[in-house]
Amino acid sequence: MSKHSAIVGGSTAGRLLNCPASLAAIRALPPSADQPSEYAEEGTFAHAVMDLLMRERAAALPHDVSAHLGKMFYDRQLLREHLDSMIRPALEQLAQLEEDHAEADPFEVVGVEQRVVFPGIPGAFGTVDLILRNSRFIILADWKFGQGVGVRAEYPDGAGVIVNPQLMYYAAGALKTKPRLFAGRRIIVAIIQPRSAQPLSHTEVTRAELRAFVEDMHNAVLAAVDRDPPMRKGEHCRWAPCKVACPLWTGPLLDLSHLQPVERTTSSPAVTPYAQYLAHAKYLLDTAVQLKGEVDAQMHAYLENGGT
């Protein structure tokens with residue numbers, strides 16, 4: 001069974017909020033062959049290990065990860081290198097997260113791979129990796145095992161911050177699905193990504209913020225099914241397959257005359273014209289790399305479906 005909704009899920013909430021047109025654009029693409037990357041396979045494996053450990057903890061069973069060395073999880077054996085690079089570091093960050101909010105009140109596991117239903121959008125659901133609670137807090141944690149792009153619980157947004165839409169989606173769904181768990185408790189959302197530069201990131205969200213997010217999500221879905229949905233390009237496009245056919249992406253990407261090269265200067269704590277040039281050049285090249293990945297994926301899907 002799919003862990004994500006066909007309409008909107010945790011991983012696509014930010015994209016739909018920022019670009020309602022992406023819903024129809026992705027649906028218009030030909031079906032792609034289901035060939036997850038090695039990175040995705042590794043992440044699924046690590047999630048399976050954490051799933052077992054947290055279920056053992058919830059059942060008050062011994063959950064020493066070393067006891068599972070050599071066992072098969074998903075598509076591979078659990079090896080010592082997995083423990084050292086992913087599993088134990090993730091457990092250490094979880095322990096730190098609990099310590100930050102325990103105040104001599106230990107947490108209990110109340111949800112593992114918990115399916116939640118998002119309020120007000122038919123067919124919208126998601127899966128929360130881990131839910132913990134004590135008398136004062138409820139924590140919703142999401143495991144990330146990638147080594148590349150770091151994921152955080154919140155990001156700077158002008159003068160303030162914006163909470164990760166995936167976490168907001170899960171929190172809103174969990175509050176709707178399991179309201180008794182939240183009674184009288186403050187809500188903490190967290191990303192645990194042990195192999196990133198920031199292995200633990202967490203923030204508190206209020207019920208008012210979740211209500212506003214639900215309203216924004218409803219408006220995004222209504223806009224997405226409208227005749228002329230808004231289309232926007234940005235960081236939310238990073239994993240969007242519709243880049244391959246999006247007019248905002250298929251315009252001239254590498255018109256080098258737009259870079260306006262300047263004389264190279266030495267490093268400076270101030271923002272120099274040369275620093276601005278480097279930042280602009282990197283943005284254009286990274287954009288091209290993202291588009292190349294989607295073109296390759298769509299070409300592969302086209303050929304797999306009998307195209308020539």
Log entry, pairs with first residue in the range 90-119 being acidic (Asp, Glu), second being open to solvent by less than 40 Å² (accessible area, probe 1.4 Å) and part of a strand (DSSP E or B), beta carbons closer than 8 Å, six or more apart or on different chains, reads 98/132; 98/139; 108/132; 113/127; 113/128; 113/129
If you go through the range 123-165, how many residues are of a type in the set (Ser, Thr, Tyr) and open to solvent by 30 Å² or more (accessible area, probe 1.4 Å)? 2
I'd like to check something: does the range 177-189 contain any residue that is under 13 Å from the mean Cα position of the chain (by Cα) and not acidic (Asp, Glu)? yes
Here the residues within the range 274-292 that are exposed (fewer than 12 other Cβ atoms within 10 Å of the Cβ) and either modelled with pLDDT of 80 or more or farther than 30 Å from residue 9 by Cα (or both) are 279, 282
Quick one: would you say residue 88 is under 20 Å from residue 204 (Cβ atoms) and either surrounded by 12 or more Cβ atoms within 10 Å (Cβ to Cβ) or of a type in the set (Lys, Arg) (or both)? no
Six or more apart or on different chains, Cβ under 7 Å: which pairs go from a residue in the range 55-66 that's closer than 20 Å to residue 111 by Cβ to one that's open to solvent by less than 60 Å² (accessible area, probe 1.4 Å) and not in a helix (DSSP H, G or I)? Could you list them? 55/112; 57/109; 58/109; 58/112
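Quick one: which of 189, 205 is more than 29 Å from residue 288 (Cβ to Cβ), crowded, with 18+ Cβ neighbours inside 10 Å and in contact with a Ser or Thr (Cβ under 7 Å, 6 or more places away or on another chain)? Break it down into steps so the answer makes sense when it comes.
Numbers: 205 fails: in contact with a Ser or Thr (Cβ under 7 Å, 6 or more places away or on another chain).
One residue alone meets the criteria, 189.
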Please state which one of 133, 238, 185, 211 is free of Cβ contacts under 8 Å to residues at least 40 places away in the same chain and of a type in the set (Lys, Arg). 211
Out of the residues in the range 126-175 that are at pLDDT 95 or above and small (Gly, Ala, Ser), which is farthest from residue 213 (Cα to Cα)? 141
Condition check: part of a loop (DSSP other than H, G, I, E, B) and either loosely packed, with under 14 Cβ neighbours inside 10 Å or charged (D, E, K, R) (or both). Does residue 40 satisfy that? no
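The values are calculated or read from the model by the stated rules, or taken from the named source; none is laboratory data. All of these numbers come straight from a predicted model, not from anything done at the bench. Note that each Cβ is placed from the backbone with ideal geometry, even for glycine, and that neighbours are counted across all protein chains shown. We work out accessible area using only protein heavy atoms, side chains counted, and drop any ligands, DNA or RNA first. Shrake-Rupley method; radii C 1.70, N 1.55, O 1.52, S 1.80 Å.
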